[in-house]
């Protein structure tokens, strides 16, 4: 963060300073345990926890002032709305750092992976700030900006939405030089009501851009390419179609990873991804499109993509167990992401020659289409030739499956029953574990890992 006196922050956010006018040198923290010397502590009042109760702990750890919505003991800036004030402060820093290049990323799937790939590529050429974890809301986005200093060249801001207007508000705050929409899908359709409304929400990334900014759009659904008409400036399309300025050709799948030729206006270069899944090609192309607009060479882009790795937990996370390969993709799920993960499982099993096991929990926030969406994934698993479909508290997956088909269907009420089924896994098998975040199937992944390891040690 750029150093700011507490009094200056109070003026920027239209708050009132109580206490000493100390210098803030570190980005804001939400958790008092993360405070260090010079921190600004955000006292947020939640449904179950009130951050104001932890201000003293933040001060003890080095925080010099707190941003609050009520009076407390110690140095604090009193405002009506802490979240709104945070966004105002972030906008100030963004407009102060004249040389900072901001990249805003949204989409129904792939935001976090794209962000991590991009950060890896850009950090090879200049100081880059990227959000940690799933930091994509009214708190995470401004905190990412506030981590920037006068030495920061690139700042990546991940932008999610729960309602119309969310992304527009974040774009207004961050003023991206480049706005990216990866794909419109059905994630959170239960909240939005329709794919069309999801598309309208994601399109705010493009319609809210300033004219001099660049719009980068994925060619993977009917909605995203059309967003180019919402922007008066330059638009760039990426995908696998010949019409795309940034595209992939000659795609191959080897050892769980995609290999392809990256084609840009500069030429063609081979890319071999280290991250898992064919669906990662789209995320890599988004990064290539961004990096191309930022002036990186084709060699820099292809080399950066080929060496980048994802550090996000439980996202296509590969674990080599004794005789068994586990794909832990339990962080989240949507029909599109589930389809991609099942395809990856199938390809892995074909390469290894063992049986394929899909341990699937519920997909949430699908609204009225929930039952049919789950049933469609079960049918897809059968069509792909998945050997074992283990439905963990989600019998809907089996609703439309052919009970006499080649896929063995295992209906489990909970993770304990699924763990018992996992005792039948044999050497050479490949298993996928995937569900929405609230299902916590990473617990099942850990339990299966221990079970497989213990079984080998007992032998």
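Could you give the angle, 0 to 90 degrees to the nearest 10, between helix 370-383's Cα long axis and the longest principal axis of the Cα atoms of the chain? Approximately 50 degrees, to the nearest 10.
To the nearest ten degrees, helix 442-458 and the longest principal axis of the Cα atoms of the chain are 50 degrees apart. Principal-axis analysis of the Cα atoms of the chain puts helix 298-307 at an angle of about 70° to the longest axis. Summarising the strand pairing of the chain, around 35 percent of its internal DSSP beta bridges are antiparallel. Hydrodynamic estimate: the Kirkwood radius of the stretch 177-228 over Cα pairs, inserted into Stokes-Einstein at 20 °C and 1.002 mPa s, corresponds to D of 191 µm²/s. Take 259-272, 149-162, 438-451 and order them by the average number of nearby Cβ atoms within 10 Å per residue, most first; the result is 149-162, 438-451, 259-272.
Across the stretch 239-345, C-alpha contacts under 8 Å between residues 6 or more apart give a mean separation that, scaled by the residue count, equals a relative contact order of 20 percent.
The fraction of all Cα pairs in the stretch 178-267 landing in successive 5 Å bins from 0 to the largest distance is 3, 14, 20, 18, 18, 13, 9, 4, 1, given as whole percents. Taken over the chain, the ratio of Cα radius of gyration to 2.2 N^0.38 Å equals 1.04.
Size check on the stretch 317-458: the Cα extents along the three principal axes, sorted descending, read 47, 29, 23 Å.
Translational diffusion of the stretch 1-148 was estimated from the Stokes-Einstein equation, with Rh taken as the Kirkwood radius over Cα pairs; at 10 °C and 1.306 mPa s the coefficient is 100 µm²/s. Could you work out how far the C-alpha centroid of the stretch 87-135 sits from that of the stretch 292-359, in angstrom? When both Cα centres are located, 23 Å separates them. With helices as the sole contributors, the chain gives -10000 deg cm²/dmol at 222 nm; each DSSP H run of n ≥ 4 counts as -39500 (n - 2.57), and the sum is divided by every residue. Summarised in one figure, the compactness ratio Rg/Rh of the stretch 97-307, Cα atoms and Kirkwood Rh, is 0.94.
Normalised by the number of residues in the chain, the average gap of Cα pairs under 8 Å and 6 or more apart makes the relative contact order 10 percent. Each 10 Å bin from zero up to the one holding the largest Cα-Cα distance in the stretch 4-81 carries the following percent of pairs: 23, 59, 18, 1.
Laboratory data are not the source of any read-out in this text; all were calculated from the coordinates shown. Bear in mind that the values here come from a model prediction, so they are computed numbers and not experimental data. Cβ: placed from backbone, ideal geometry, glycine included. Neighbour counts: every protein chain shown.
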